[in-house]
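Since the structure comes first, as structure tokens, the remarks are kept for the end.
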Amino acid sequence: MRPMMMRLIRTWWRKPQAHFGSHDVLQDTRHALRLQAKRPLFTAAAILTLALAIGASTSMFSVVRSVLLAPLSYQNPDALVMIWGELRARGVMNWTASPPEYGDYQGLGSYQEVASIVPMRLALTSGGEAEQVQVGSVSHNFFKVLSSPFFLGRPFVEEDIEPLLNPPEAGGAPPEMSVVLGYGLWQRRWGGDSGVVGRSVDIAGRPMTGVGILPPDYSRLLPAAAGVGRDVELFVAAPVPVTRVPRRNVGYRIVARLKPGVTPLQAQGEMDAHWTRMRQD
């Protein structure tokens, strides 16, 4: 029995070696090409199906890599949190904040710093064809909280919003705002001119001072519920009117950085205690 099995194994091993020679491979390839030439519609459909499958797989991998695999471009991202309100009676779990609530959160002990962003759109007409761009109106410390890198210039500082704290006199020109540009917008509208940083640029018909350029690979990976897309290309520094608007004026997305040693669970406990006091008041 054993010698017979060995002969069978040797026979099986020899046959593939003899069958799959280079001549046979070329012959099979030519035969396959002739068959494909005779059925052009089937061949085109097969190629198109393969192309679509490969393209979809590549796109999906790119999304998974950027969202799940690639490291965030922020320092110590584990300390970053979003702060949301809740309207449990209406089933709303991600309620945006009002300026007075932003002021409340700044006074809590769990957070090293608290920042805000409000998404909007602007029409750019200068420096090229008119286009709508995604804009983020942010508190002066937004990039500081995220620890965002910069390609040129600097992040916003508190001095950038000081001219906006007092409204102009009747008939007076509005104060000049400070802006940070995304790399793509900077290349597209200003041709990569480094002189944009530090000088006045016309944005939406209003002069604004360019203070910084974000790097080309910069991503704003905020949760989808924040409604702040990754395609925000223009950031404007604006004061948050903590004392001048009522609490029902919501719309601010709050990003915070936890103090060293503070866990999200501890921060949640402090937030629960804060809102218990608010309901009592």
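So, in region 121-169, how many residues would count as being outside any loop (DSSP other than H, G, I, E, B), of a type in the set (Gly, Ala, Ser) and at pLDDT below 90? Please lay out each step first, then the result.
Within region 121-169, the first condition is being outside any loop (DSSP other than H, G, I, E, B), and the residues that meet it are 121-124, 131-138, 142-146, 152-153, 158-160, 162-164.
Those left that are additionally of a type in the set (Gly, Ala, Ser): 123, 136-137, 153.
Add one more test, that the residue is at pLDDT below 90, and what stays is 123.
Total satisfying the criteria: 1.
Residues are listed down the side, and each one gets a yes or a no for (1) open to solvent by less than 40 Å² (accessible area, probe 1.4 Å); (2) in contact with a strand residue (DSSP E or B) (Cβ under 6 Å, 6 or more places away or on another chain):
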{"position": "VAL228", "(1), (2)": "yes, yes"}
{"position": "LEU234", "(1), (2)": "yes, yes"}
{"position": "THR243", "(1), (2)": "no, no"}
{"position": "TYR252", "(1), (2)": "no, yes"}
{"position": "LEU265", "(1), (2)": "no, no"}
{"position": "ALA273", "(1), (2)": "no, no"}
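Quick check: anything in region 122-133 surrounded by 15 or more Cβ atoms within 10 Å (Cβ to Cβ) and closer than 23 Å to LEU80 by Cβ? No, region 122-133 contains no residue that is surrounded by 15 or more Cβ atoms within 10 Å (Cβ to Cβ) and closer than 23 Å to LEU80 by Cβ. Candidates are the residues of region 215-226 that are under 12 Å from the mean Cα position of the chain (by Cα) and open to solvent by 50 Å² or more (accessible area, probe 1.4 Å); the one that is modelled with the highest pLDDT is ASP217.
Just to verify a result, which residue in region 78-92, among those that are in a helix (DSSP H, G or I) and not aliphatic (A, V, I, L, M), is surrounded by the most Cβ atoms within 10 Å (Cβ to Cβ)? Taking the candidates together, the pick is ASP78.
Could we say that VAL201 is of a type in the set (A, V, I, L, M, F, W, C), under 30 Å from MET93 (Cβ atoms) and either open to solvent by 80 Å² or more (accessible area, probe 1.4 Å) or not in a helix (DSSP H, G or I) (or both) here? When the stated conditions are applied, VAL201 does not pass them.
In the set (1) outside any strand (DSSP E or B); (2) more than 16 Å from the chain's Cα centre (by Cα); (3) touching a residue at least 60 places away in the same chain (Cβ under 8 Å), GLY212 fails one condition alone, (1).
The values are calculated or read from the model by the stated rules, or taken from the named source; none is laboratory data. On a predicted model such as this, the values are computed, not experimentally measured, just so you know. Reconstructed Cβ throughout: ideal geometry from the backbone, glycine too, with neighbour counts over all protein chains shown. Keep in mind that these areas ignore ligands, DNA and RNA; they rest on the heavy atoms of the full protein, side chains included. Shrake-Rupley method; radii C 1.70, N 1.55, O 1.52, S 1.80 Å.
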